[in-house]
1. Quick one: dipole size for the chain, taken about the Cα centre, charges +1 on Lys/Arg Cβ and -1 on Asp/Glu Cβ, in debye to the nearest 20.
2. Excluding ligands, DNA and RNA, what is the solvent-accessible area per residue of segment 111-262 at a probe of 1.4 Å, expressed in Å²?
3. Could you run the Debye sum over the Cα atoms of segment 58-142, one equal point scatterer each and no solvent, and tell me log10 of I(q)/I(0) at q = 0.16, 0.17, 0.25, 0.26 Å⁻¹, two decimals?
4. K176 to K6: FRET efficiency via 1/(1 + (r/R0)^6), r the Cβ-Cβ distance, R0 30 Å, to the nearest 0.05?
5. For V253, what charge total do you get from the other residues with a beta carbon under 15 Å from its beta carbon, if Lys and Arg give +1 and Asp and Glu give -1?
6. Show me the ranking of peptides 229-235, 160-166 by mean Cβ neighbours inside 10 Å, starting with the highest.
7. E207 to S232: FRET efficiency via 1/(1 + (r/R0)^6), r the Cβ-Cβ distance, R0 56 Å, to the nearest 0.05?
8. Taking the Cβ of M355 as the center, what net charge do the other residues with Cβ under 15 Å away carry, scoring Lys and Arg +1 and Asp and Glu -1?
Amino acid sequence: MKQEKKNWEKEIAELCVSCGECAESCRILSELDMSPGSIAARGVEFYEAYGCALCGKCEAVCTVGLSPFRMFGQRRVEAVKNGEIDLDEYKYLFPDRGVTVMSIFRDYYRIDYSELNYSLPADTAFLPGCTMLTYSPELTKKVYKTLAQKNDSPLFLADCCGIPMYHIGLPERGDKIKADLREKARLLGVKCLVIACPNCYYQFKKEAAFQDIEIITVYEALQDEFIPKQSSEVYAIHDSCPDRFEGVYGKQVGEALDQLGYQRVEMKHQGRDSVCCGSSGQLGHFRPEWSTEHEEQNLEEAKEAGADVLLAYCHACVLNFGNIAESKIKVRHALNILLGFEENYEEVKGKAAAMFEGEEGYELYLKLYEDPV
């Protein structure tokens, strides 16, 4: 999400008609019990800005075409500049630091991609996204090897798109992360970038600097490799926040399931109206109780729709839903089904927590805060 210079607060204060459409399934607006126009008129408090999931649903349903979530996002940038938020508390999230929760997870569990092409020039590159390459290494390798059957030694990009920096309120650092990846792709001769993560896809798809590279989804790249129906289970698809407006991923996954004979149902909220999984805007770090409510709502909607399995094509969504161990709905990544690769996402949360147990775990935890912001 690139931070525009536009004064979103001023526009919303002037044009919001207080219809209430945007409050449905929005925790921050429901808690404040105020319209975006009223909030904008008196000014957004910094803690309110970090209570917004930045999911974009408010814009999708707004009757007059406003974007309240951008107002909250803009306020986050101001909060950082004004020193209202202590960045040291959240620097473990910053992908441009040497040590993060994800880097520690990969080191601790010896996740290694050295057998893949990290540095040799290639026409095609695969960008799984930092969440998928961290928490689903075997699926990541499965996708890479399937892609390699059609493309000779594709470049493997273990990079982040910068979205955590934009969400925290540090757009300049997000811009640098994108620029660095663009330069790497240029130096290594990449002409086609295959992306698994919808956040990454939309970050790069509209960037002028990437216009000379063909950017496609992993579902476009591997559509001839997907396997026909393998079970009688019924599937529901959760549509991720970045896919809300264009629906590229949701359309491709839905069509692939239909063509291969899988039975699927639609949830109450889907497409543009989809309810965030709880991870957008780093909500789980700022308001974890709301993140849990988002997770539970989606799982309940999948159950009510008659689904046996809730599918997501954003790996962060998959992990969030998989954290609810008591759910009777199985949670899988769409690629698990389409490539016939089984995984249990209920185990990930426990593995992440196990790293920091005991004396050695505490020392590992302290490493998250050793280097500068």
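The values are calculated or read from the model by the stated rules, or taken from the named source; none is laboratory data. Here the structure is a predicted model, which means the values were calculated and not measured. As a convention, Cβ positions derive from the backbone with ideal geometry for all residues, glycine included, and neighbour counts pool all protein chains shown. Quick note on the areas: whole protein, heavy atoms, side chains included, nothing else; ligands and nucleic acids left out. Shrake-Rupley method; radii C 1.70, N 1.55, O 1.52, S 1.80 Å.
1. 880 debye
2. Heavy-atom SASA per residue in segment 111-262 reads 40 Å².
3. For segment 58-142, the Cα-only Debye profile gives -0.87, -0.90, -1.20, -1.25.
4. So the FRET efficiency works out to roughly 0.85.
5. With Lys, Arg at +1 and Asp, Glu at -1, the net is -3.
6. 160-166, 229-235
7. E between E207 and S232, to the nearest 0.05, is 0.85.
8. Around M355, the charge tally is -1.
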